[in-house]
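Undergrad: Here it is, the structure in full.
The values are calculated or read from the model by the stated rules, or taken from the named source; none is laboratory data. Note that this is a predicted model, so its numbers are computed, not measured. Here the Cβ positions follow ideal geometry from the backbone for every residue, glycine too, while neighbour counts run over all protein chains shown.
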């Protein structure tokens, strides 16, 4: 097994002929035997030596970034036949280059993200909710963890947590709370369905990762052909307009009574399935169910219907 040690601790570290990563000062002085470059806010770039089983040695950098939270926001739009839409703000990234090679004013689609304030005792979940509120103006009561992602697994061992959160369609958007150097647009035109998002030029790997995790979480990529050929079938594909309360209860960890109460109010059109899927329902399906047989109740323990009539 290769051994990773600080570059300064390896016997061959002073030899400039064995160094790939060399620090250079503003006056041109080259420093092959450097240790680290630290930023109190963002993290540390460490110079390390990798010793292989055969005794060969090479140096590389380890990017030890401070943890940040990344959030994919979605809503269910009743004005578009209850389609799932993602909020993908447009944010300025000053280091990116435009078509003329100039830096400083390139705008790209970017999901909400930001550093976790560990020094203040902030959790990853707390940071996710705070960043959404600051960057988009939406207040989300809770977030669901999707996965930890390594942005550069070849040069970093710092995982970054990704979350997903639903915004009620009728929630009023508040003013953003941006820092003076931030430029983020998160208006109504920044909501995209999965089909809409495919027409965006998404250049941020973090945003692409988040959307890929979210579409899998929401079950938006599954289809009957995949289920038939896959060795690991996904959840059954059920048309949204045909789903019943019983089917929702069978596939979720909620009772039929809870589903009827939430969806029957016409405000909540989604129910969680474990922690890895969301089953979409429609107000139409709920109304049809309640109007055709209002005395019928699903008992999740007996797995059969019970008649509540007199």
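Undergrad: So if I check each of 85, 62, 91, which one is under 23 Å from residue 118 (Cβ atoms) and either in contact with a strand residue (DSSP E or B) (Cβ under 7 Å, 6 or more places away or on another chain) or not assigned by TED's automatic domain parsing to the domain that holds residue 115 (or both)?
TA: 62
Undergrad: Does residue 214 meet the test of being modelled with pLDDT of 85 or more and either over 22 Å from residue 146 (Cα atoms) or in contact with a strand residue (DSSP E or B) (Cβ under 6 Å, 6 or more places away or on another chain) (or both)?
TA: Here the answer is yes, as residue 214 does meet what is asked.
Undergrad: Checking the conditions here, which among 113, 103 is without any contact (Cβ under 8 Å) to a residue 40 or more places away in the chain and touching a strand residue (DSSP E or B) at 6+ places or on another chain (Cβ under 6 Å)?
TA: Step by step, each of 113, 103 is checked, and only 103 is without any contact (Cβ under 8 Å) to a residue 40 or more places away in the chain and touching a strand residue (DSSP E or B) at 6+ places or on another chain (Cβ under 6 Å).
Undergrad: Do we find that residue 40 is in contact with a strand residue (DSSP E or B) (Cβ under 6 Å, 6 or more places away or on another chain) and not assigned by TED's automatic domain parsing to the domain that holds residue 131 in this structure?
TA: For residue 40, the condition - in contact with a strand residue (DSSP E or B) (Cβ under 6 Å, 6 or more places away or on another chain) and not assigned by TED's automatic domain parsing to the domain that holds residue 131 - is not met.
Undergrad: Which residues, counting only those in segment 1-23, are more than 37 Å from the chain's Cα centre (by Cα) and either modelled with pLDDT of 85 or more or on the phi > 0 side of the Ramachandran plot (or both)?
TA: 8, 9, 19
Undergrad: Out of the residues in segment 23-43 meeting the condition of being in a loop (DSSP other than H, G, I, E, B) and without any contact (Cβ under 8 Å) to a residue 12 or more places away in the chain, tell me which one is nearest to residue 67 (Cα to Cα).
TA: Filtering segment 23-43 for residues that are in a loop (DSSP other than H, G, I, E, B) and without any contact (Cβ under 8 Å) to a residue 12 or more places away in the chain, the one nearest to residue 67 (Cα to Cα) comes out as 40.
Undergrad: Among the numbered criteria (1) over 25 Å from residue 149 (Cβ atoms); (2) surrounded by 12 or more Cβ atoms within 10 Å (Cβ to Cβ), which single criterion is violated by residue 37?
TA: All conditions pass for residue 37, except number (1).
Undergrad: Going through segment 88-113 one residue at a time, which ones are part of a loop (DSSP other than H, G, I, E, B) and under 17 Å from residue 186 (Cβ atoms)?
TA: If the condition is that a residue be part of a loop (DSSP other than H, G, I, E, B) and under 17 Å from residue 186 (Cβ atoms), then 88, 89, 110, 111, 112 are the ones that fit.
Undergrad: Can I ask one more? Which helices (runs of 4 or more DSSP H) does segment 121-224 wholly contain that include 2 or more residues that are buried (at least 18 other Cβ atoms within 10 Å of the Cβ)?
TA: 124-136, 205-217
Undergrad: Go through (1) surrounded by fewer than 16 Cβ atoms within 10 Å (Cβ to Cβ); (2) touching a residue at least 12 places away in the same chain (Cβ under 8 Å); (3) outside the structural domain of residue 207 (by TED's automatic domain parsing) for residue 46 and report which single condition fails.
TA: Just one mismatch for residue 46, condition (1).
Undergrad: Let me ask another. When you scan segment 59-79, do you find a residue that is at pLDDT 90 or above, exposed (fewer than 13 other Cβ atoms within 10 Å of the Cβ), under 35 Å from the mean Cα position of the chain (by Cα) and more than 25 Å from residue 153 (Cβ to Cβ), even just one?
TA: Yes, segment 59-79 contains at least one residue that is at pLDDT 90 or above, exposed (fewer than 13 other Cβ atoms within 10 Å of the Cβ), under 35 Å from the mean Cα position of the chain (by Cα) and more than 25 Å from residue 153 (Cβ to Cβ).
Undergrad: Report, by residue number, each residue of segment 163-199 that is in contact (Cβ under 8 Å) with a residue 60 or more places away in the chain, in contact with a helix residue (DSSP H, G or I) (Cβ under 9 Å, 6 or more places away or on another chain) and within 23 Å of residue 96 (Cα to Cα).
TA: Those that are in contact (Cβ under 8 Å) with a residue 60 or more places away in the chain, in contact with a helix residue (DSSP H, G or I) (Cβ under 9 Å, 6 or more places away or on another chain) and within 23 Å of residue 96 (Cα to Cα): 182, 184, 186, 190, 197.
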